[in-house]
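The values are calculated or read from the model by the stated rules, or taken from the named source; none is laboratory data. A quick note: this is a predicted structure, and the numbers were derived from the prediction, not measured. Please note: Cβ atoms are built from the backbone with ideal geometry, for glycine as well, and neighbour counts cover all protein chains shown. Please note that ligands, DNA and RNA were not included when accessible areas were found on the heavy atoms of the full protein model with its side chains. Shrake-Rupley method; radii C 1.70, N 1.55, O 1.52, S 1.80 Å.
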Amino acid sequence: MDKKRIVNLIVGPVLLVLCVLFLPETIFAETASRAAIGTVAWMAYWWITAPVDFAVTAFLPIAVNAVVQMADMTDIISNYASETILLLLGASILTVSWEKTGLDKRIAAKCLSIIGSNLRMQIVFWFLLSAVLSAFLPNAVVCATITPIAVSMLKYVGEDNIEKSRKGSMILLTVAYAAGIGGLATPLGGAMNLITVDYIQQLTGEEYMYTSWVVRFLPIMIVLLVSNILFLVLQVKKDETIGISKEYFKEQYKAFPKITKEEGFAFALFVIATVAAFTRQLYQNALPGLKPAYVFIICAMFSFLITCKDGTRLMVWKSVQTKIVWELIYIFAGGLAAGTLINKSGAAKAIGEAVASTNLDGGFLTVFVIVTLTILLSDVTSNTATAAVSIPIVISIISGIGKDPIPYIYIASIGVNLSYMLPTSIRAIPVGYGLQPKFMLKQGIPLTVIVIILMSVLGFLLLNYWPAFSTV
(Lines give C-alpha, C1' and ligand atoms only; values in the text may rest on other atoms or scores of the structure.)
Protein backbone atom coordinates (compact mmCIF):
# COMPACT_ATOMS: atom_id res chain seq x y z
CA MET A 1 0.00 0.00 0.00
CA ASP A 2 1.54 3.34 -1.04
CA LYS A 3 2.06 6.15 1.48
CA LYS A 4 -0.32 8.57 -0.25
CA ARG A 5 -3.19 6.12 -0.01
CA ILE A 6 -2.43 5.43 3.67
CA VAL A 7 -2.49 9.16 4.41
CA ASN A 8 -5.80 9.61 2.59
CA LEU A 9 -7.31 6.64 4.43
CA ILE A 10 -6.32 8.14 7.79
CA VAL A 11 -7.38 11.73 7.00
CA GLY A 12 -11.01 10.66 6.43
CA PRO A 13 -11.79 9.47 9.98
CA VAL A 14 -9.55 12.21 11.42
CA LEU A 15 -11.88 14.77 9.84
CA LEU A 16 -14.79 13.14 11.67
CA VAL A 17 -12.96 13.29 15.01
CA LEU A 18 -11.93 16.93 14.47
CA CYS A 19 -15.51 17.93 13.68
CA VAL A 20 -16.83 16.19 16.80
CA LEU A 21 -14.19 17.80 19.03
CA PHE A 22 -13.83 21.28 17.60
CA LEU A 23 -17.05 22.40 15.89
CA PRO A 24 -18.56 25.07 18.18
CA GLU A 25 -21.04 23.66 20.66
CA THR A 26 -22.74 27.05 20.75
CA ILE A 27 -24.02 26.23 17.26
CA PHE A 28 -23.95 22.43 17.20
CA ALA A 29 -25.02 21.58 20.73
CA GLU A 30 -25.56 17.89 20.04
CA THR A 31 -22.68 15.49 19.41
CA ALA A 32 -24.84 13.86 16.72
CA SER A 33 -24.94 17.03 14.61
CA ARG A 34 -21.16 17.48 14.80
CA ALA A 35 -20.64 13.82 13.94
CA ALA A 36 -22.99 14.13 10.96
CA ILE A 37 -20.96 17.01 9.54
CA GLY A 38 -17.78 15.03 10.22
CA THR A 39 -19.18 12.00 8.39
CA VAL A 40 -20.03 14.10 5.34
CA ALA A 41 -16.53 15.63 5.43
CA TRP A 42 -15.05 12.11 5.60
CA MET A 43 -17.17 10.97 2.64
CA ALA A 44 -16.31 14.05 0.58
CA TYR A 45 -12.59 13.60 1.23
CA TRP A 46 -12.62 9.91 0.30
CA TRP A 47 -14.73 10.54 -2.80
CA ILE A 48 -12.23 13.16 -3.97
CA THR A 49 -9.01 11.31 -3.07
CA ALA A 50 -10.36 7.78 -3.78
CA PRO A 51 -8.31 5.66 -1.35
CA VAL A 52 -11.16 3.13 -1.63
CA ASP A 53 -13.82 2.55 -4.29
CA PHE A 54 -16.53 5.22 -4.46
CA ALA A 55 -19.23 2.66 -3.68
CA VAL A 56 -17.40 1.64 -0.49
CA THR A 57 -17.35 5.26 0.68
CA ALA A 58 -21.10 5.39 0.03
CA PHE A 59 -21.68 2.96 2.92
CA LEU A 60 -19.97 5.20 5.50
CA PRO A 61 -23.29 6.65 6.79
CA ILE A 62 -24.36 3.15 7.88
CA ALA A 63 -20.98 2.25 9.39
CA VAL A 64 -20.47 5.48 11.31
CA ASN A 65 -24.10 5.71 12.45
CA ALA A 66 -23.79 2.20 13.91
CA VAL A 67 -20.96 3.46 16.13
CA VAL A 68 -22.05 7.06 16.74
CA GLN A 69 -25.84 7.24 16.83
CA MET A 70 -26.80 10.29 14.75
CA ALA A 71 -30.16 9.20 13.33
CA ASP A 72 -32.52 6.26 13.36
CA MET A 73 -30.76 3.50 11.40
CA THR A 74 -34.00 2.68 9.59
CA ASP A 75 -34.02 6.19 8.11
CA ILE A 76 -30.42 5.74 6.94
CA ILE A 77 -30.86 2.28 5.43
CA SER A 78 -34.06 3.26 3.61
CA ASN A 79 -31.97 5.49 1.33
CA TYR A 80 -30.32 2.39 -0.14
CA ALA A 81 -33.66 1.07 -1.40
CA SER A 82 -35.53 4.30 -2.13
CA GLU A 83 -37.77 4.91 -5.14
CA THR A 84 -34.99 6.78 -6.93
CA ILE A 85 -32.63 3.84 -6.43
CA LEU A 86 -35.22 1.55 -8.06
CA LEU A 87 -35.55 4.03 -10.92
CA LEU A 88 -31.79 4.00 -11.47
CA LEU A 89 -31.72 0.20 -11.33
CA GLY A 90 -34.54 -0.06 -13.86
CA ALA A 91 -32.90 2.44 -16.21
CA SER A 92 -29.58 0.62 -15.91
CA ILE A 93 -31.16 -2.74 -16.82
CA LEU A 94 -32.94 -1.21 -19.83
CA THR A 95 -29.69 0.23 -21.17
CA VAL A 96 -28.09 -3.23 -20.85
CA SER A 97 -30.71 -4.41 -23.36
CA TRP A 98 -29.52 -1.63 -25.70
CA GLU A 99 -25.99 -2.96 -25.54
CA LYS A 100 -27.14 -6.54 -26.05
CA THR A 101 -29.14 -5.67 -29.20
CA GLY A 102 -26.74 -3.06 -30.61
CA LEU A 103 -29.33 -0.32 -30.15
CA ASP A 104 -26.79 1.79 -28.25
CA LYS A 105 -24.57 2.07 -31.34
CA ARG A 106 -27.54 2.96 -33.55
CA ILE A 107 -28.67 5.73 -31.19
CA ALA A 108 -25.11 7.01 -30.84
CA ALA A 109 -24.63 7.21 -34.61
CA LYS A 110 -27.96 9.01 -34.99
CA CYS A 111 -27.08 11.59 -32.32
CA LEU A 112 -23.69 12.23 -33.91
CA SER A 113 -25.18 12.54 -37.38
CA ILE A 114 -27.46 15.30 -36.04
CA ILE A 115 -25.17 17.18 -33.64
CA GLY A 116 -21.77 16.55 -35.18
CA SER A 117 -18.59 15.90 -33.24
CA ASN A 118 -17.58 19.44 -32.22
CA LEU A 119 -17.26 19.29 -28.44
CA ARG A 120 -18.68 22.76 -27.84
CA MET A 121 -21.77 21.93 -29.91
CA GLN A 122 -22.09 18.66 -28.02
CA ILE A 123 -22.06 20.50 -24.69
CA VAL A 124 -24.70 23.00 -25.85
CA PHE A 125 -26.93 20.19 -27.19
CA TRP A 126 -26.81 17.99 -24.09
CA PHE A 127 -27.20 21.01 -21.81
CA LEU A 128 -30.33 22.36 -23.52
CA LEU A 129 -31.87 18.88 -23.88
CA SER A 130 -31.41 18.07 -20.20
CA ALA A 131 -32.47 21.52 -18.99
CA VAL A 132 -35.68 21.58 -21.05
CA LEU A 133 -36.72 18.09 -19.96
CA SER A 134 -36.00 18.73 -16.28
CA ALA A 135 -38.25 21.80 -16.36
CA PHE A 136 -41.18 19.38 -16.43
CA LEU A 137 -39.73 16.22 -14.89
CA PRO A 138 -37.90 15.28 -11.71
CA ASN A 139 -34.22 15.93 -12.36
CA ALA A 140 -33.29 12.40 -11.27
CA VAL A 141 -35.49 10.96 -14.04
CA VAL A 142 -33.89 13.24 -16.64
CA CYS A 143 -30.34 12.55 -15.51
CA ALA A 144 -30.96 8.80 -15.27
CA THR A 145 -32.38 8.61 -18.81
CA ILE A 146 -30.14 11.08 -20.66
CA THR A 147 -26.79 10.03 -19.14
CA PRO A 148 -26.78 6.46 -20.58
CA ILE A 149 -27.63 7.85 -24.02
CA ALA A 150 -24.66 10.21 -23.79
CA VAL A 151 -22.47 7.34 -22.55
CA SER A 152 -23.54 5.19 -25.54
CA MET A 153 -22.51 7.97 -27.90
CA LEU A 154 -19.14 8.37 -26.17
CA LYS A 155 -18.46 4.63 -26.33
CA TYR A 156 -19.27 4.68 -30.03
CA VAL A 157 -16.52 7.22 -30.73
CA GLY A 158 -14.00 5.46 -28.51
CA GLU A 159 -14.36 7.65 -25.40
CA ASP A 160 -15.48 4.67 -23.35
CA ASN A 161 -13.12 5.21 -20.40
CA ILE A 162 -14.88 8.22 -18.85
CA GLU A 163 -12.48 8.16 -15.90
CA LYS A 164 -9.59 9.12 -18.19
CA SER A 165 -11.57 11.04 -20.81
CA ARG A 166 -11.82 14.78 -20.19
CA LYS A 167 -14.17 15.14 -23.15
CA GLY A 168 -16.49 12.43 -21.88
CA SER A 169 -16.35 13.85 -18.37
CA MET A 170 -17.35 17.29 -19.63
CA ILE A 171 -20.40 15.91 -21.41
CA LEU A 172 -21.61 13.87 -18.42
CA LEU A 173 -21.01 16.84 -16.13
CA THR A 174 -23.05 18.97 -18.54
CA VAL A 175 -26.03 16.60 -18.30
CA ALA A 176 -25.98 16.62 -14.48
CA TYR A 177 -25.61 20.40 -14.18
CA ALA A 178 -28.33 21.09 -16.73
CA ALA A 179 -30.77 18.63 -15.15
CA GLY A 180 -30.38 20.55 -11.89
CA ILE A 181 -30.79 24.00 -13.43
CA GLY A 182 -33.76 23.09 -15.59
CA GLY A 183 -35.72 22.04 -12.52
CA LEU A 184 -35.89 25.67 -11.43
CA ALA A 185 -37.93 26.72 -14.48
CA THR A 186 -41.27 25.34 -13.26
CA PRO A 187 -42.75 23.90 -10.05
CA LEU A 188 -42.89 20.54 -11.86
CA GLY A 189 -39.09 20.41 -11.92
CA GLY A 190 -38.89 18.55 -8.63
CA ALA A 191 -40.25 17.93 -5.16
CA MET A 192 -38.14 20.81 -3.79
CA ASN A 193 -40.18 23.28 -5.83
CA LEU A 194 -43.47 21.77 -4.70
CA ILE A 195 -42.34 22.19 -1.09
CA THR A 196 -41.68 25.87 -1.80
CA VAL A 197 -45.10 26.26 -3.44
CA ASP A 198 -46.73 24.65 -0.40
CA TYR A 199 -45.09 27.19 1.93
CA ILE A 200 -46.17 30.08 -0.30
CA GLN A 201 -49.76 28.79 -0.25
CA GLN A 202 -49.63 28.53 3.54
CA LEU A 203 -48.45 32.13 3.75
CA THR A 204 -51.02 33.57 1.34
CA GLY A 205 -53.93 31.24 2.00
CA GLU A 206 -54.49 31.07 -1.77
CA GLU A 207 -53.77 28.59 -4.51
CA TYR A 208 -50.46 29.35 -6.22
CA MET A 209 -50.55 29.50 -10.02
CA TYR A 210 -47.64 27.69 -11.67
CA THR A 211 -47.51 30.30 -14.43
CA SER A 212 -46.53 32.87 -11.80
CA TRP A 213 -43.45 30.80 -10.99
CA VAL A 214 -42.45 30.55 -14.66
CA VAL A 215 -42.74 34.31 -15.17
CA ARG A 216 -40.81 35.27 -12.04
CA PHE A 217 -38.00 32.81 -12.65
CA LEU A 218 -37.64 33.57 -16.36
CA PRO A 219 -34.89 36.22 -15.98
CA ILE A 220 -33.12 33.97 -13.47
CA MET A 221 -33.28 31.02 -15.86
CA ILE A 222 -31.89 33.09 -18.73
CA VAL A 223 -28.90 34.21 -16.67
CA LEU A 224 -28.28 30.68 -15.35
CA LEU A 225 -28.51 29.03 -18.76
CA VAL A 226 -26.23 31.55 -20.45
CA SER A 227 -23.65 31.65 -17.65
CA ASN A 228 -23.48 27.87 -17.19
CA ILE A 229 -23.26 27.12 -20.90
CA LEU A 230 -20.56 29.76 -21.35
CA PHE A 231 -18.59 28.37 -18.42
CA LEU A 232 -18.74 24.80 -19.74
CA VAL A 233 -18.05 25.76 -23.35
CA LEU A 234 -15.02 27.84 -22.37
CA GLN A 235 -13.50 24.81 -20.63
CA VAL A 236 -12.87 23.21 -24.04
CA LYS A 237 -11.03 24.44 -27.11
CA LYS A 238 -12.95 25.83 -30.06
CA ASP A 239 -11.81 23.09 -32.43
CA GLU A 240 -12.00 20.13 -30.03
CA THR A 241 -14.01 17.16 -31.31
CA ILE A 242 -15.06 13.73 -30.07
CA GLY A 243 -14.80 12.02 -33.43
CA ILE A 244 -14.76 12.65 -37.14
CA SER A 245 -17.08 14.88 -39.21
CA LYS A 246 -20.88 14.97 -39.09
CA GLU A 247 -20.97 13.70 -42.70
CA TYR A 248 -18.97 10.63 -41.69
CA PHE A 249 -21.50 9.77 -38.98
CA LYS A 250 -24.37 10.32 -41.40
CA GLU A 251 -22.80 7.71 -43.69
CA GLN A 252 -22.23 5.42 -40.72
CA TYR A 253 -25.86 5.69 -39.70
CA LYS A 254 -27.07 4.95 -43.24
CA ALA A 255 -24.90 1.83 -43.26
CA PHE A 256 -26.73 0.31 -40.29
CA PRO A 257 -28.94 -2.67 -41.18
CA LYS A 258 -32.69 -2.49 -40.72
CA ILE A 259 -33.69 -2.31 -37.07
CA THR A 260 -34.35 -5.76 -35.60
CA LYS A 261 -37.36 -6.79 -33.55
CA GLU A 262 -35.10 -7.14 -30.50
CA GLU A 263 -33.85 -3.56 -30.91
CA GLY A 264 -37.39 -2.33 -31.42
CA PHE A 265 -38.60 -4.05 -28.27
CA ALA A 266 -35.68 -2.71 -26.21
CA PHE A 267 -36.27 0.80 -27.54
CA ALA A 268 -40.04 0.62 -26.98
CA LEU A 269 -39.61 -0.40 -23.34
CA PHE A 270 -37.31 2.55 -22.66
CA VAL A 271 -39.68 4.96 -24.45
CA ILE A 272 -42.68 3.61 -22.51
CA ALA A 273 -40.87 4.05 -19.19
CA THR A 274 -39.66 7.54 -20.08
CA VAL A 275 -42.99 8.78 -21.46
CA ALA A 276 -44.84 7.32 -18.47
CA ALA A 277 -42.50 9.24 -16.17
CA PHE A 278 -42.99 12.42 -18.21
CA THR A 279 -46.80 12.16 -18.15
CA ARG A 280 -47.27 11.04 -14.55
CA GLN A 281 -49.76 13.83 -13.82
CA LEU A 282 -52.17 12.43 -16.46
CA TYR A 283 -52.75 9.14 -14.67
CA GLN A 284 -51.69 9.71 -11.06
CA ASN A 285 -55.29 9.84 -9.84
CA ALA A 286 -56.26 6.60 -11.58
CA LEU A 287 -53.01 4.79 -10.71
CA PRO A 288 -51.62 6.53 -7.61
CA GLY A 289 -49.12 3.74 -6.94
CA LEU A 290 -47.59 3.68 -10.42
CA LYS A 291 -44.76 6.14 -9.83
CA PRO A 292 -41.90 6.58 -12.34
CA ALA A 293 -39.55 4.34 -10.35
CA TYR A 294 -41.98 1.43 -10.54
CA VAL A 295 -42.65 1.98 -14.25
CA PHE A 296 -38.92 1.64 -14.92
CA ILE A 297 -38.71 -1.54 -12.84
CA ILE A 298 -41.73 -3.06 -14.63
CA CYS A 299 -40.28 -2.25 -18.05
CA ALA A 300 -36.91 -3.64 -16.93
CA MET A 301 -38.66 -6.90 -15.99
CA PHE A 302 -40.28 -7.05 -19.43
CA SER A 303 -36.85 -6.71 -21.06
CA PHE A 304 -36.08 -10.22 -19.80
CA LEU A 305 -38.85 -11.50 -22.09
CA ILE A 306 -37.01 -10.47 -25.26
CA THR A 307 -36.24 -13.55 -27.35
CA CYS A 308 -33.68 -13.68 -30.16
CA LYS A 309 -34.34 -15.19 -33.60
CA ASP A 310 -32.72 -18.47 -32.60
CA GLY A 311 -35.05 -18.77 -29.61
CA THR A 312 -32.49 -17.90 -26.95
CA ARG A 313 -33.20 -15.29 -24.30
CA LEU A 314 -31.51 -11.96 -24.89
CA MET A 315 -31.41 -10.98 -21.21
CA VAL A 316 -30.32 -13.48 -18.56
CA TRP A 317 -29.77 -12.18 -15.03
CA LYS A 318 -26.46 -13.96 -14.57
CA SER A 319 -24.90 -11.91 -17.39
CA VAL A 320 -27.04 -8.78 -17.01
CA GLN A 321 -26.00 -8.23 -13.40
CA THR A 322 -22.36 -7.90 -14.47
CA LYS A 323 -23.28 -4.94 -16.70
CA ILE A 324 -25.53 -3.05 -14.28
CA VAL A 325 -23.82 0.08 -12.98
CA TRP A 326 -24.01 -0.94 -9.31
CA GLU A 327 -21.50 1.71 -8.27
CA LEU A 328 -23.85 4.43 -9.56
CA ILE A 329 -26.69 3.07 -7.44
CA TYR A 330 -24.65 2.88 -4.23
CA ILE A 331 -23.02 6.30 -4.69
CA PHE A 332 -26.45 7.86 -5.18
CA ALA A 333 -27.77 6.06 -2.10
CA GLY A 334 -24.75 7.16 -0.05
CA GLY A 335 -25.40 10.76 -0.99
CA LEU A 336 -29.02 10.45 0.10
CA ALA A 337 -27.92 8.84 3.37
CA ALA A 338 -25.45 11.67 4.01
CA GLY A 339 -28.27 14.15 3.57
CA THR A 340 -30.42 12.17 6.01
CA LEU A 341 -27.63 12.38 8.60
CA ILE A 342 -27.36 16.15 8.19
CA ASN A 343 -31.11 16.62 8.59
CA LYS A 344 -32.06 14.00 11.18
CA SER A 345 -29.10 14.84 13.43
CA GLY A 346 -30.20 18.47 13.62
CA ALA A 347 -27.07 19.80 11.88
CA ALA A 348 -28.99 21.54 9.09
CA LYS A 349 -31.40 23.10 11.57
CA ALA A 350 -28.49 24.29 13.72
CA ILE A 351 -26.89 25.98 10.72
CA GLY A 352 -30.16 27.69 9.87
CA GLU A 353 -30.69 28.88 13.43
CA ALA A 354 -27.14 30.26 13.51
CA VAL A 355 -27.91 32.28 10.39
CA ALA A 356 -31.22 33.41 11.84
CA SER A 357 -29.45 34.77 14.93
CA THR A 358 -27.35 37.18 12.87
CA ASN A 359 -28.45 40.77 12.35
CA LEU A 360 -29.61 40.51 8.75
CA ASP A 361 -31.69 43.44 7.49
CA GLY A 362 -33.09 42.10 4.22
CA GLY A 363 -30.51 43.87 2.03
CA PHE A 364 -27.81 42.51 -0.26
CA LEU A 365 -26.02 40.64 2.54
CA THR A 366 -29.26 38.81 3.37
CA VAL A 367 -29.69 37.77 -0.27
CA PHE A 368 -26.05 36.67 -0.46
CA VAL A 369 -26.31 34.58 2.72
CA ILE A 370 -29.53 32.90 1.57
CA VAL A 371 -28.12 32.02 -1.87
CA THR A 372 -24.80 30.80 -0.46
CA LEU A 373 -26.32 28.74 2.36
CA THR A 374 -28.90 27.01 0.15
CA ILE A 375 -26.39 26.19 -2.61
CA LEU A 376 -23.86 24.75 -0.16
CA LEU A 377 -26.55 22.79 1.71
CA SER A 378 -27.76 21.35 -1.61
CA ASP A 379 -24.25 20.06 -2.22
CA VAL A 380 -24.19 17.93 0.93
CA THR A 381 -27.83 16.89 1.04
CA SER A 382 -30.68 16.45 -1.42
CA ASN A 383 -32.40 19.45 -2.99
CA THR A 384 -35.69 18.37 -1.44
CA ALA A 385 -34.19 18.15 2.04
CA THR A 386 -32.57 21.56 1.58
CA ALA A 387 -35.94 23.06 0.67
CA ALA A 388 -37.65 21.45 3.65
CA VAL A 389 -35.02 22.86 6.02
CA SER A 390 -34.19 26.25 4.51
CA ILE A 391 -37.55 27.65 3.36
CA PRO A 392 -39.16 27.81 6.84
CA ILE A 393 -35.94 29.32 8.24
CA VAL A 394 -35.97 32.02 5.53
CA ILE A 395 -39.62 32.77 6.29
CA SER A 396 -38.80 33.06 9.99
CA ILE A 397 -35.82 35.38 9.43
CA ILE A 398 -37.59 37.73 7.01
CA SER A 399 -40.86 37.82 8.95
CA GLY A 400 -38.84 38.60 12.06
CA ILE A 401 -37.41 41.78 10.51
CA GLY A 402 -40.84 42.86 9.29
CA LYS A 403 -40.40 42.30 5.55
CA ASP A 404 -42.40 40.37 2.96
CA PRO A 405 -40.94 36.83 2.82
CA ILE A 406 -42.25 36.02 -0.70
CA PRO A 407 -39.32 37.41 -2.76
CA TYR A 408 -36.82 35.88 -0.33
CA ILE A 409 -38.53 32.49 -0.73
CA TYR A 410 -37.99 32.84 -4.48
CA ILE A 411 -34.34 33.69 -3.88
CA ALA A 412 -33.91 30.67 -1.58
CA SER A 413 -35.44 28.47 -4.29
CA ILE A 414 -32.57 29.38 -6.59
CA GLY A 415 -29.98 27.87 -4.28
CA VAL A 416 -32.21 24.93 -3.41
CA ASN A 417 -32.11 23.85 -7.08
CA LEU A 418 -28.41 24.43 -7.71
CA SER A 419 -25.34 22.43 -6.64
CA TYR A 420 -22.15 21.65 -8.48
CA MET A 421 -19.32 20.29 -6.37
CA LEU A 422 -19.98 16.92 -4.71
CA PRO A 423 -21.32 13.59 -6.04
CA THR A 424 -24.53 13.77 -4.04
CA SER A 425 -28.07 13.74 -5.42
CA ILE A 426 -28.21 13.51 -9.24
CA ARG A 427 -24.50 14.30 -9.52
CA ALA A 428 -23.84 10.74 -8.36
CA ILE A 429 -25.22 9.46 -11.66
CA PRO A 430 -22.32 10.56 -13.92
CA VAL A 431 -19.87 9.47 -11.21
CA GLY A 432 -21.38 6.00 -11.43
CA TYR A 433 -20.52 5.99 -15.14
CA GLY A 434 -16.89 6.91 -14.52
CA LEU A 435 -16.76 10.67 -13.92
CA GLN A 436 -14.20 11.37 -11.19
CA PRO A 437 -15.43 13.35 -8.13
CA LYS A 438 -12.10 15.19 -8.19
CA PHE A 439 -12.91 16.46 -11.70
CA MET A 440 -16.41 17.47 -10.57
CA LEU A 441 -15.01 19.41 -7.61
CA LYS A 442 -12.40 21.14 -9.78
CA GLN A 443 -15.07 22.34 -12.21
CA GLY A 444 -17.68 22.89 -9.51
CA ILE A 445 -15.78 25.27 -7.21
CA PRO A 446 -15.32 28.15 -9.72
CA LEU A 447 -18.82 27.63 -11.15
CA THR A 448 -20.30 27.73 -7.64
CA VAL A 449 -18.51 31.01 -6.91
CA ILE A 450 -19.70 32.50 -10.21
CA VAL A 451 -23.30 31.40 -9.66
CA ILE A 452 -23.40 32.66 -6.06
CA ILE A 453 -22.21 36.10 -7.18
CA LEU A 454 -24.54 36.27 -10.20
CA MET A 455 -27.60 35.05 -8.32
CA SER A 456 -26.95 37.31 -5.32
CA VAL A 457 -26.69 40.39 -7.53
CA LEU A 458 -29.64 39.39 -9.72
CA GLY A 459 -31.78 38.45 -6.71
CA PHE A 460 -31.06 41.81 -5.09
CA LEU A 461 -31.93 43.69 -8.31
CA LEU A 462 -35.18 41.76 -8.79
CA LEU A 463 -36.08 42.32 -5.15
CA ASN A 464 -35.65 46.07 -5.40
CA TYR A 465 -36.53 46.96 -8.99
CA TRP A 466 -39.15 44.47 -10.15
CA PRO A 467 -42.37 44.81 -8.10
CA ALA A 468 -43.86 41.60 -9.53
CA PHE A 469 -41.02 39.60 -7.94
CA SER A 470 -42.53 40.39 -4.53
CA THR A 471 -45.96 39.07 -5.46
CA VAL A 472 -47.53 35.68 -6.12
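Here are the numbers for this structure:
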| quantity | calculated |
| --- | --- |
| Value at 222 nm in deg cm²/dmol, rounded to 500, when DSSP H runs of n ≥ 4 in the chain each add -39,500 (n - 2.57) | -23000 deg cm²/dmol |
| Spin-label pair Ser82/Lys250, simplified geometry with 7 Å Cα→Cβ offset, distance in nm | 4.5 |
| Along each principal axis, Cα extent of segment 294-423, largest first, Å | 74, 26, 22 |
| Mean separation of Cα contacts under 8 Å, 6 or more apart, over the residue count of segment 249-345: relative contact order % | 21 |
| FRET efficiency for Val11 and Lys318, using Cβ-Cβ distance with R0 set to 41 Å, rounded to 0.05 | 0.55 |
| Among Trp46, Phe460, Ala66 the positive-end extreme of the charge dipole of the chain (Cβ point charges) | Trp46 |
| Where labels lie 7 Å past Cα in the beta-carbon direction, separation of Leu305 and Phe364 in nm | 6.3 |
| Rounded to 10°, Cα long-axis angle of helix 364-380 versus longest principal axis of the chain | 40 |
| Relative contact order (%) - the chain, alpha-carbon pairs under 8 angstrom, separation at least six | 23 |
| With every protein chain in place, segment 133-207: carbon and sulfur % of accessible area (1.4 Å) | 50 |
| Calculated diffusion of segment 431-472, Stokes-Einstein form, Kirkwood radius summed over Cα pairs, 37 °C and 0.692 mPa s, µm²/s | 261 |
| Angle in degrees between helix 406-417 and the longest Cα principal axis of the chain, rounded to the nearest 10 | 40 |
| Contour minus Cα-Cα distance for Tyr465 and Ser399 (0.36 nm per residue) | 21.7 nm |
| Mean Cβ neighbour count within 10 Å, used as a protection proxy, ranking 170-179, 249-258, 27-36, 45-54 highest first | 170-179, 27-36, 45-54, 249-258 |
| For Val320, net neighbour charge (Lys/Arg +1, Asp/Glu -1) across residues whose Cβ lies under 15 Å away | +1 |
| Cα gyration tensor shape of segment 131-282, rounded if a/c is under 1.5, else prolate or oblate by comparing a/b with b/c | oblate |
| 0 to 90° range, to nearest 10: angle between helix 210-233 axis and the chain longest Cα axis | 70 |
| Protein-only accessible surface order, largest first, of Tyr199, Tyr294, Tyr465 at 1.4 Å | Tyr465, Tyr294, Tyr199 |
| Heavy atoms of Thr204: accessible area, 1.4 Å probe, square angstrom to 10 | 50 |
| Simple spin-label estimate for Asp2 and Thr204 in nanometres, 7 Å along Cα-Cβ | 5.8 |
| Cα centroid of segment 1-33 to Cα centroid of segment 398-466, whole Å | 26 |
| Anisotropy class of segment 1-128 from Cα gyration tensor, a/c 1.5 cut | prolate |
| Filtered GluC sites (Glu not before Pro), segment 160-224: DSSP coil and at most 15 other beta carbons within 10 Å | Glu206, Glu207 |
| Surrounding net charge for Val380, when Lys and Arg each add one and Asp and Glu each subtract one, Cβ distance under 15 Å | +3 |
| 5 Å binning of all Cα-Cα separations within segment 229-312, expressed as whole percents from 0 upward | 3, 11, 13, 11, 10, 12, 14, 14, 8, 4, 0 |
| Modelled FRET efficiency - R0 25 Å, Phe231 with Lys438, Cβ distances, 0.05 increments | 0.85 |
| Along principal axes, Cα extents of segment 105-216, largest first, whole Å | 56, 25, 22 |
| Distant-in-sequence amide H partners of Thr241 (H built 1.01 Å from N, under 5 Å) | Leu119 |
| Relative contact order for segment 351-472, counting Cα pairs under 8 Å that sit 6 or more residues apart, in percent | 31 |
| Accessible area of Cys308 in the full protein assembly, 1.4 Å probe (Å², nearest 10) | 40 |
